[in-house]
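Reading through the structure tokens given below for one structure.
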Amino acid sequence: MTKAGSEHLSSDEFQQSNFQRLSNVRFVSADTSVARFEVDGIALNVVAHAADTLRLTLGQSQLPDYGLLQKTVAEGSLTVEPQGGSWRITSGDISLKIEAAPLRLTLSKAGRTVLTSITDQHFRGRTRLPAFGLQQGEAHGKQPRRWCASFALNSDTAVYGFGEKFGPLDKRGQLVRGRTEDALGVNTELSYKNIPFCWSPDGWGLLAHTPGVVRHGVGYPQWSHRTYVLEVEDDVLDLFLFAGEPASIIDRYTALTGRAAVPPLWSYGMWLSRAYYKVPQDAIDTAAELRRRGIPCDVITLDGRAAWEVRTRFSFEWDKSRFDNPKQILETLRSFNLKVCAWEYPYISIHNPLFSELEGKGWLLKNSDGKAAVFDWVKDPTDNPFGSVLTPLPPSGILDFTHPAAAKFWADSHDKLFDDGVDVIKTDFGEQVEDDMVAYNGDSGRRLHNVYPLLYNQCVWNATQRYNDAHGRGPAMVWGRDGFIGSQRFPMQWGGDPQTDWEGMAASIRGGLSYGMSGVPYYATDVGGFYGAQQPDTELYLRWTANGIFCSHFRYHGIGEREPWALGVETEAIAKKLLAFRYRLIPYMIGASEQAAQNGLPLMRAMPLAFPHDRLARSFEGQYLFGDALLVAPIIQPGGSVEVYFPAGEAWRDLDTGERIEGGQVRVVHKALDQLPAWGREGHLLCLGREVMHTGEIDLDAPIEDVWLFGEPRVSPCVMNQCVTLMEENGATYIVGITADRCFPSAGFKLVDEVGRVRVERV
């Protein structure tokens with residue numbers, strides 16, 4: 001069996017000679033939504049898909065797209081105007097100019113060019129790379145059809161997105177390989193969540209609609225530092241072109257590929273995990289200790305080796321030597337007002353009788369010889385990827401989610417776990433589909449590789465939601481590691497396996513910001529780090545905790561103890577204080593989630609997304625807006641200091657001191673271990689709940705305890721169910737939904753109670 005990955009796509013080389021330059025363009029016909037052309041005998045269609053969105057398709061295919069798109073019907077209209085050897089397609093205020101000999105594109109919005117095909121030439125006048133190129137291949141074979149498209153980059157063009165990437169957010173100068181990998185950390189370009197979607201503050205965005213592998217040379221100097229080249233493996237080149245502001249592009253992208261549902265209330269609380277609680281009593285004792293010490297928590301996780309017999313996993317069967325009565329054990333955990341998360345992966349050990357059963361039914365991915373494919377992690381006995389702590393995983397078959405009966409079996413099998421008391425599934429792995437595997441639907445492992453985690457998470461999320469609906473348990477979620485186009489529909493994913501050090505934390509934050517700029521609202525890191533040191537030092541642990549407070553979801557996890565008391569009394573006290581504020585933030589975070597359900601914006605909004613036209617803001621890639629009202633500058637180096645840029649045109653209020661800072665300046669700020677690396681945005685309100693031990697204590701009818709004013713309020717607050725609002729009446733400003741004694745005013749303002757509202761007055 002070949003190693004997962006392809007020779008040419010793992011290489012840095014780009015062989016332009018392998019591509020036929022697409023050149024001879026001929027207009028065929030047009031109607032209200034589609035313009036049809038032919039290029040070198042290949043069908044080219046341009047569709048006005050939606051507002052500010054054009055779809056360009058080269059070629060035809062009957063291969064499955066796995067439901068990557070939620071909106072497939074064109075909603076726009078277009079006109080076509082011939083222009084002497086070229087054609088201008090107009091839809092609303094965007095237009096696309098198509099040129100022949102060779103095929104070239106120019107995308108404009110409101111008369112301004114935002115994106116053009118390649119302009120890079122050598123001195124003989126020929127372009128170095130094809131504007132559009134095709135390399136013929138073998139359907140489903142080891143050398144599939146490949147396309148390339150090349151677009152010009154201005155000298156100052158920045159490009160963002162591409163999924164979860166742990167390096168610099170601006171991908172200019174990088175070769176981005178869009179292939180899902182078990183990255184075994186956050187230290188390289190390899191990542192668990194690859195999305196062939198990107199955008200630029202210049203006013204354009206692009207989605208390559210394909211389950212296949214995509215490679216992006218984004219001003220990559222070895223190819224061309226002034227060109228964005230994308231290389232797509234598929235029968236069809238299917239591109240969505242977006243024009244507009246970054247927030248609008250993400251809105252259009254998520255409308256196309258699906259919005260994220262708002263996760264359940266309890267998911268915003270603290271998750272506690274460890275690799276791993278070796279016997280159930282360890283988890284029970286930990287739950288009891290949480291409550292005895294007054295540490296807020298909502299979820300405890302039975303990680304990979306905590307509940308299942310390693311040699312025979314995974315088959316939905318508890319390890320009977322430790323879980324003789326799983327229902328009772330889980331009921332004990334739930335008695336502490338904790339939800340229970342259980343680990344799984346979509347693989348079945350060859351040592352489990354279920355393997356033979358599923359192989360006989362044809363429910364496992366196959367080799368080309370028709371036998372069940374087996375993935376073996378330990379290919380070299382001298383090189384165990386699991387190290388000395390984690391138990392090696394057994395050789396395993398891989399469930400085939402393209403087989404309807406297999407997918408139904410997998411979904412239905414979760415019922416017994418839910419009956420036993422499991423609330424949510426940690427959907428781990430999914431990266432082990434190799435090129436030469438064959439699926440039930442006829443697709444190759446090579447083409448299935450990236451989309452497999454989506455099918456896996458979709459199956460488990462649907463199973464959870466079906467069970468929850470039947471038993472009145474509310475919204476579903478999964479805790480997943482891998483992602484692809486559309487993964488935001490099945491929240492949520494965490495950033496896998498960071499090293500337990502400062503750079504591991506910094507890279508994890510960048511991964512979350514990059515993923516958010518790729519249309520995914522929710523993200524979490526392994527707070528404290530996963531591997532390396534068995535235990536983080538106190539400073540790293542508390543800084544990671546403080547930074548994790550301002551992620552959509554929060555989980556302590558790692559090899560070794562991550563419970564706050566494991567690092568001493570002082571560390572525990574500070575962690576408790578920070579976690580208490582996390583719980584107070586929940587109404588605000590749910591308000592931001594309700595926004596995300598409408599417009600796709602992430603809770604963690606990187607500076608290029610939040611302030612796309614502030615060039616200085618873009619350079620501060622480690623900080624971000626959390627929701628609308630909070631600027632967060634994570635402390636990612638020892639010593640407690642961080643350089644913060646306060647965006648121009650705004651003023652900001654320190655959450656700890658109340659100090660007002662005028663925007664447009666850079667400051668070096670020091671924060672003590674128990675302080676918050678966050679500032680309130682002037683004109684906004686921060687709605688906070690009360691301190692609770694778990695989300696079950698939140699009063700859903702009156703979730704807000706305090707409202708913090710950051711200067712004179714001008715913007716309606718972000719809060720769950722919009723239970724607090726801002727209004728203007730007769731020149732006066734009012735806060736509706738809270739009393740004055742629950743509002744913390746900024747300096748220079750007083751608050752006056754009126755019936756059902758609070759009037760804000762200048763002193």
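Per-residue 3J(HN,Hα) values for segment 362-378, derived from phi via the Karplus relation 6.51 cos²θ - 1.76 cosθ + 1.60 with θ = phi - 60°, read x, 9, 10, 4, 10, 7, 5, 7, x, 8, 4, 6, 10, 9, 10, 5, 9 Hz in sequence order (x marks Gly and Pro).
Taking amide H as placed 1.01 Å from N in the peptide plane, LYS339 has its amide H under 5 Å from the amide H of VAL299, ILE300, each at least 5 places away in sequence or on another chain.
Direction-averaged projected area, Cα convex hull, segment 471-592: 8.4 nm², rounded to one decimal. What is the log10 of I(q)/I(0) for segment 604-762, computed with the Debye formula using one identical point scatterer on each Cα and no solvent, at q = 0.11, 0.13, 0.14 Å⁻¹? With one equal scatterer per Cα and no solvent, log10 I(q)/I(0) is -0.48, -0.67, -0.77.
Starting with the highest mean, order 287-294, 397-404 by the number of other Cβ atoms within 10 Å, averaged over the residues of each peptide.
Numbers: 287-294: 15.1, 397-404: 22.8.
Averaged packing, sorted descending, gives the order 397-404, 287-294.
Using only the Cα atoms of segment 439-531, build the gyration tensor, take square roots of its eigenvalues as a ≥ b ≥ c, and label the shape rounded, prolate or oblate: rounded if a/c is under 1.5, else prolate if a/b is larger than b/c, else oblate. Here segment 439-531 falls in the oblate category. Using the average count of surrounding beta-carbon atoms within 10 Å as a protection proxy, the listed peptides 613-622, 264-273, 682-691 rank, highest first, as 264-273, 682-691, 613-622.
Run the reach check for LYS71 against lysines, Cα to Cα strictly under 24 Å, same-chain hits fewer than 8 apart removed. What comes back? Excluding near neighbours in sequence, the set is LYS109, LYS193.
Length available on full extension from ASP699 to THR739: 0.36 nm per residue minus the Cα-Cα distance, which gives 12.7 nm.
What the Kirkwood sum gives for segment 265-599 is a hydrodynamic radius of 20.6 Å, with every pair of different alpha carbons counted. In this model, which of LYS366/LYS408; LYS361/LYS408; LYS165/LYS408; LYS576/LYS671 are farther than 21 Å apart at the alpha-carbon? Check vs 21 Å cut-off fails for LYS165/LYS408. Cβ-Cβ distance of GLU643 and ALA672, R₀ of 22 Å, FRET efficiency by 1/(1 + (r/R0)^6): the value works out to about 0.80. Within straight-line reach of LYS327, meaning a Cα separation under 16 Å, sit the following lysines at least 8 residues removed in sequence or on another chain: LYS339, LYS416.
Using only Cα atoms, locate the centre of segment 563-588 and the centre of segment 271-344, then give the distance between them in Å, rounded to an integer. Measuring centre to centre over Cα atoms gives 21 Å.
Could you pull out the GluC sites (Glu not before Pro) across segment 699-763 that fall in loop regions by DSSP (anything but H, G, I, E, B) with no more than 13 other Cβ atoms inside 10 Å?
Counting only loop positions with at most 13 other Cβ atoms within 10 Å, none of the GluC sites (Glu not before Pro) in segment 699-763 qualifies.
Of the residues LEU393, LEU365, GLY558, the one whose Cα sits farthest towards the positive end of the charge dipole of segment 265-599 is GLY558 (charges of +1 on Lys and Arg Cβ, -1 on Asp and Glu Cβ, taken about the Cα centre). Taking a ≥ b ≥ c as the square roots of the eigenvalues of the Cα gyration tensor of the chain, is the shape rounded (a/c under 1.5), prolate (a/b larger than b/c) or oblate? It is oblate, given that a/c is not under 1.5 and a/b is not larger than b/c.
Electrostatic tally near ARG322: other residues with Cβ closer than 11 Å to its Cβ, Lys and Arg +1, Asp and Glu -1, net -1.
How would you order 493-502, 334-343 from highest to lowest mean count of nearby Cβ atoms within 10 Å? Please report the intermediate quantities before stating the final value.
Working: 493-502: 23.5, 334-343: 20.5.
The packing order, highest mean first, is 493-502, 334-343.
Could you line up ILE250, ILE89, ILE42, ILE698 from fewest to most neighbouring Cβ atoms inside 10 Å? Please list the in-between numbers first.
On the way: ILE250 29, ILE89 24, ILE42 18, ILE698 21.
Placing the least packed residue first, the sequence is ILE42, ILE698, ILE89, ILE250.
Please say if segment 114-256 is rounded, prolate or oblate, where rounded means a/c under 1.5 for a ≥ b ≥ c the square roots of the C-alpha gyration tensor eigenvalues, and otherwise the choice is prolate for a/b larger than b/c and oblate otherwise? Intermediate values should be presented prior to the final figure.
Numbers: a/c = 1.29, a/b = 1.04, b/c = 1.24.
It is rounded, given that a/c, with a ≥ b ≥ c, falls under 1.5.
A straight line joining the Cα centroids of segment 463-535 and segment 30-105 runs 36 Å.
Every number in this text was worked out from the coordinates using simple rules, so none of it is lab data. Model, not experiment: these values are computed from the prediction. Here Cβ is always computed from backbone atoms with ideal geometry, including for glycine, and neighbour counts include all displayed protein chains.
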